[in-house]
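Heads up: the structure comes next, in structure tokens.
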Amino acid sequence: MTITQKEATKYYDRFSKVYDLISSKAYYHKARNYAVLELELISGQTILNLPVGTGQNFEYFQKHLNNSGLILGVDLSEGMLREAKKKVIKNNWENIELHIGNANQIDQNWLNQLQIKDLKVDAVLCDLGLSGFPNWENVIDNMLSILKPNGRIVIMDWYIEQSSLRGSFIKWIGKGEVDRPIWQYLKERVDNFKLEHSFNRGGVFVASGNKRK
């Protein structure tokens, strides 16, 4: 049964307290590491991470940014943002801004409201979000719209086409869908499309590409 966005947000507010235990670093490490490498980050760049969750990607970003540039982390769950902020404080990271926001409203107008001089988004990482977002196609279109020309977009998510107990469990724990044609939608909208779907026994994919000029 599909739940409402309000119900999903409340669920993740509660889930945030144990998220890093249940969805451990080790479980998604190979996929996350590969996804961040596909962003092709260099020092001083700006990246949008949507949804930011508990900030599990931060340490991967910082291997390339070294506390430079800007990481914009956006999530609709205040609980997830609190956990992400703990990581920022603990590690004395100074290049991270956290914002509460609806994924369907993260567009150029939202970016302009940040009032950051000469702000250009070099890369976008959307991980483990599109399988649960309503109007997910619109979210992809918005992410592409705020990328600079030739900017990198990477999507990491679940895709299990055939019904199975594993798929049902992932849907239950994540409150999303695991059979959405996410990477197929991205493929038609970017240049240099690339797909790797070998992670987590073939259940997790990483798709990437460049914004068309």
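The values are calculated or read from the model by the stated rules, or taken from the named source; none is laboratory data. What you are looking at is a predicted structure, and each value in this text was computed from that prediction instead of being measured. When we count neighbours, we look across all protein chains shown, and the Cβ atoms used for this are built from the backbone with ideal geometry, even at glycine. Just the protein is used for accessible areas: all its heavy atoms, side chains included, with ligands, DNA and RNA removed. Shrake-Rupley method; radii C 1.70, N 1.55, O 1.52, S 1.80 Å.
Please indicate, with yes or no, whether at least one residue in the range 204-211 is open to solvent by 10 Å² or more (accessible area, probe 1.4 Å) and at pLDDT 85 or above. Reasoning before the result, please.
Taking the range 204-211 as the starting set, the residues that turn out to be open to solvent by 10 Å² or more (accessible area, probe 1.4 Å) are 210-211.
Then keep just the ones that are at pLDDT 85 or above; that gives 210-211.
Yes, that holds for at least one residue.
Got a sec? Which of G73, G53 is under 17 Å from the mean Cα position of the chain (by Cα) and part of a strand (DSSP E or B)?
On inspection, the qualifying residue turns out to be G73.
Hey, Y27 hits all of (1) open to solvent by 50 Å² or more (accessible area, probe 1.4 Å); (2) touching an Asp or Glu at 6+ places or on another chain (Cβ under 9 Å) but one; which does it fall short on?
Failing condition for Y27: (2).
Out of (1) charged (D, E, K, R); (2) over 21 Å from G209 (Cα atoms); (3) in contact with a helix residue (DSSP H, G or I) (Cβ under 9 Å, 6 or more places away or on another chain), what's the single condition that is false for D118?
D118 satisfies all of (1) charged (D, E, K, R); (2) over 21 Å from G209 (Cα atoms); (3) in contact with a helix residue (DSSP H, G or I) (Cβ under 9 Å, 6 or more places away or on another chain) except (3).
For Q62, which of the numbered conditions (1) of a type outside the set (S, T, Y); (2) touching a residue at least 24 places away in the same chain (Cβ under 8 Å); (3) part of a helix (DSSP H, G or I); (4) open to solvent by 30 Å² or more (accessible area, probe 1.4 Å) fails to hold?
(4)
Every residue in the range 94-116 that is touching a Gly at 6+ places or on another chain (Cβ under 9 Å) and not in a helix (DSSP H, G or I), please. Reasoning before the result, please.
So the first thing to find is which residues in the range 94-116 are touching a Gly at 6+ places or on another chain (Cβ under 9 Å), and the list is 95-99, 103, 110.
Matches in the range 94-116: N95, I96, E97, L98, H99.
Could you list, in sequence order, the residues of the range 1-39 that are of a type in the set (A, V, I, L, M) and either part of a helix (DSSP H, G or I) or modelled with pLDDT under 80 (or both)?
Selection gives M1, I3, A8, L21, I22, A26, A31, A35, V36, L37, L39.
For G79, state whether it is of a type outside the set (F, W, Y) and closer than 20 Å to G53 by Cα. Break it down into steps so the answer makes sense when it comes.
Values: of a type outside the set (F, W, Y): yes; closer than 20 Å to G53 by Cα: yes.
So G79 passes the test.
Looking only at the range 93-123, how many residues end up being of a type in the set (K, R) and in contact with a strand residue (DSSP E or B) (Cβ under 8 Å, 6 or more places away or on another chain)?
Residues flagged as of a type in the set (K, R) and in contact with a strand residue (DSSP E or B) (Cβ under 8 Å, 6 or more places away or on another chain) within the range 93-123 amount to 1.
Going by what's in this entry, would S77 be described as surrounded by 15 or more Cβ atoms within 10 Å (Cβ to Cβ), in contact (Cβ under 8 Å) with a residue 60 or more places away in the chain and hydroxyl-bearing (S, T, Y)?
Numbers: surrounded by 15 or more Cβ atoms within 10 Å (Cβ to Cβ): yes; in contact (Cβ under 8 Å) with a residue 60 or more places away in the chain: yes; hydroxyl-bearing (S, T, Y): yes.
Answer is yes for this residue.
Which condition breaks for S43 when tested against (1) in a helix (DSSP H, G or I); (2) of a type outside the set (V, I, T); (3) open to solvent by 50 Å² or more (accessible area, probe 1.4 Å)?
It fails just one condition, (1).
Find the helices (runs of 4 or more DSSP H) located wholly in the range 117-195 whose residues include 1 or more that are modelled with pLDDT of 90 or more, and list them.
136-146, 182-187
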